[in-house]
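Report on the structure given below.
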Amino acid sequence: MGWKAAEKLIRHWKVLRGDNVMIIRGKDKGETGIIKRVIRSQNRVIVEGKNLVKKHIKQGQGHEGGIFTVEAPIHASNVQVLDPVTGKPCKVGTKYLEDGTKVRVSRGIGASESIIPRPEILKIRTTPRPTVLGPKDTPMDLVLEKTYDAKTGRGMPEL
């Protein structure tokens, strides 16, 4: 990817995998669906069951060939997140709650300014964190050992 293409990449994504969105441009305009995959390197998303195209696949070793219907990517600017209260497409903004957590809120004309919940699919980790210490993990007694005392200055390196 050249530097010109890299300049045009979306830095702060408003839509996430698992979001309920409405397609606002293209052949499926006005239809709603759930985001199946986000392709950040191309600024595109794949919406479940929408933007279907025919794909000719040549027969190979281990798989059949033929004409298949697949979901094609849609540019991220052509979808909008649905407001959880009104059910209409809205812009997405961010806000910090009193306890300091960052949440997404619906913005725009006719939007309810309500919190857009984080999709459930993102709360599930694809690879669970290991519970057993491996050979390269630091033991907990060394991690919790206090090596610096601010009052006495013990543990400061000699410069």
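The values are calculated or read from the model by the stated rules, or taken from the named source; none is laboratory data. Predicted model, so just to flag it, every value in this text is computed and none were measured. Surface areas here come from the heavy atoms of the whole protein model, side chains and all, with no ligands, DNA or RNA. Shrake-Rupley method; radii C 1.70, N 1.55, O 1.52, S 1.80 Å.
Listing for the model above:
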quantity	calculated
Residue among Thr147, Thr126 that alone is open to solvent by 100 Å² or more (accessible area, probe 1.4 Å) and among the polar types (S, T, N, Q)	Thr126
Residues being modelled with pLDDT of 85 or more and aliphatic (A, V, I, L, M) - total across region 123-147	4
